[in-house]
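Throughout, read-outs are computed from the coordinates displayed, never taken from laboratory work. It should be emphasised that the depicted structure is a prediction, and the values quoted were computed from it without experimental measurement. Note: ideal-geometry Cβ built from the backbone for every residue, glycine included; neighbour counts use all protein chains shown.
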Amino acid sequence: MTELAMSEQSDLWRAARAQFPILDQRVCGRPLVYLDNAATTQMPLCVLDAVKEHYLTANANVHRATHELSGRSTCAFEAARQRVARFIGARFPEEVIFTRGTTDSLNMLAQAFAAQRGAGFSALVSMLEHHSNFVPWQQAALRAGGSFGVAPLDERGDVDLEALERLLQEKPAGIVSVAHVSNVLGTVSPLERIVELAHGHGWLVSVDAAQSIRHERIDVAALDCDFLSFSGHKALGPTGIGVLYGKRELLQELPPVAFGGEMVDMVRVAGTTFEDVPLRFEAGTPNYVGAIGLAAALDYLESLGGEAVREREHELVKYAEQRLEGVADVQILGSPLRRAGVVSFAVEDVHPFDIATLMDKMGVAIRAGSQCAQPLLEEVYGVNSVARISPAFYNTFAEVDAAADALERVVRMCRMAQR
Ligand code: PMP
């Protein structure tokens, strides 16, 4: 038996798969092969159960009332904060701010940073970025009258570190915000080196961990990054919940940008004072049930063994890359030094939407489009759309085979139609 087949059959992955009954269905008459995990992951039963259990037994608004249910809800919400802090290696739970997702985290950070620095605002991103880690910084710079720079990539699709260092030297020191893992090329950025370079030139570092939260080990204290953002729904958790991590001393200096209940200390006609972190950044009723679901998801990921999950996802994506390389006319985007999570590809003279639509008819769910990364696609690769396959640990090697076979058929069909 091959090594692949052995891992296929391991009890761990079979039991894991059973946690995701949504995958056990037919689409267009074919068994569903869900390979769009970079867009969103599915929720295991244990997360759905945790959410249901909370609604059934403990639901009440947090932090506000003195009654029993509110106490239970508040405890579960704050325990979720501690869970997230442990998962990402934060020193203190109050370094974890609950947001609506990565996009919300990065907008909040960019706006707070702009409010703090004014015309002295300076932000640097890379050409790899998702729009969520590009546009908030670009727009904040425009509004503040500050500076916005973009580090180029090398020919493989890795951030050009020499060019990044030149920008760090030339521009006024501010904040560098980079993706840990690109949602298009799968590039894993060398964060240790980027943090070292940025700090060496007096810059802060924000990490977009939307993709890496499942694929890479994250330890914010060891990495010494200043901020980090991710979404629950890409880590087996519910939608509408996300995290902004920040070093406590930095968060304490940042002004809040959303105002309302929960985040205030004293409100008078003459003025308002604010709560300490994290509450000052959580205006209004937080998505406490989302946070509880996210904590259950992180528990589950750890129960599988974080390293085992990461290894399996790396094996699956490596296998997907090999299989796609074998399909005639398929061009894989980028060849980064290290790839995680996704393989994006194009087929000459076939629109990615046609590929994804036809593959869907064969039961295979993949993504096609700009992947929310127009600067990368249009300005680096000169295309406006690509197709993308993104496996998760609950997928099987046989599903990757099914996707590659479906793609082969699609390319053949399109070539025949073009004759
Ligand atoms: N950054 C990256 C690298 C992403 O892949 C995504 C989601 N595709 C985001 C940011 C935005 O995440 P969300 O839509 O959950 O806010």
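Structure above, values below:
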quantity: Value in Å of the Kirkwood radius, where the range 93-206 supplies the Cα pairs that are averaged; calculated: 14.2 Å
quantity: Cα centre as origin, Lys/Arg/Asp/Glu Cβ charges: the chain dipole, Debye; calculated: 840 debye
quantity: Loop trypsin sites (Lys or Arg not before Pro), the range 193-268 (other Cβ atoms within 10 Å of the site Cβ: 13 or fewer; DSSP); calculated: ARG217
quantity: Projected label distance in nm at ALA173 and ARG217, using a 7 Å step from Cα toward the beta-carbon; calculated: 3.0 nm
quantity: Quotient of C-alpha Rg and 2.2 N^0.38 Å, computed over the chain; calculated: 1.02
quantity: Solution diffusion estimate, µm²/s, Stokes-Einstein, the range 35-167, Kirkwood Rh from C-alpha pairs, 4 °C, viscosity 1.567 mPa s; calculated: 71 µm²/s
quantity: Choice from VAL380, VAL51, VAL267 showing the highest fluctuation, given a GNM over the chain with Cα pairs closer than 10 Å; calculated: VAL267
quantity: Choice from ALA209, ALA15, ALA368 with maximal GNM fluctuation in the chain (Cα, 10 Å cutoff); calculated: ALA15
quantity: Loop GluC sites (Glu not before Pro), the range 336-419 (other Cβ atoms within 10 Å of the site Cβ: 15 or fewer; DSSP); calculated: GLU348
quantity: Value of relative contact order over the range 102-204, rounded to a whole percent, pairs C-alpha under 8 Å and six or more apart; calculated: 27 percent
quantity: For the range 38-58 and the range 271-290, distance of Cα centres in Å; calculated: 24 Å
quantity: Dipole axis of the chain (+1 Lys, Arg; -1 Asp, Glu on Cβ), positive-most option in LEU45, ASN61, SER126; calculated: ASN61
quantity: Gaussian network model of the chain, springs between alpha carbon atoms under 10 Å - residue of LEU69, LEU294, LEU324 with greatest fluctuation; calculated: LEU69
quantity: Extension gain (nm, one decimal) between ARG412 and LEU161, 0.36 nm per residue minus Cα-Cα; calculated: 86.3 nm
quantity: Segment VAL27-THR66, length gained on full extension (0.36 nm per residue, minus Cα span); calculated: 9.2 nm
quantity: Residues GLU379 and PHE92, FRET efficiency given R0 of 41 Å [Cβ-Cβ distance, rounded to 0.05]; calculated: 0.55
quantity: The chain: antiparallel DSSP beta bridges as a percent of all, rounded to 5; calculated: 60 percent
quantity: Residue exposure sequence - SER70, SER335, SER229 - by fewest surrounding Cβ within 10 Å; calculated: SER335, SER70, SER229
quantity: Check: the range 56-132 dipole with +1 on Lys, Arg Cβ and -1 on Asp, Glu Cβ, in debye; calculated: 120 debye
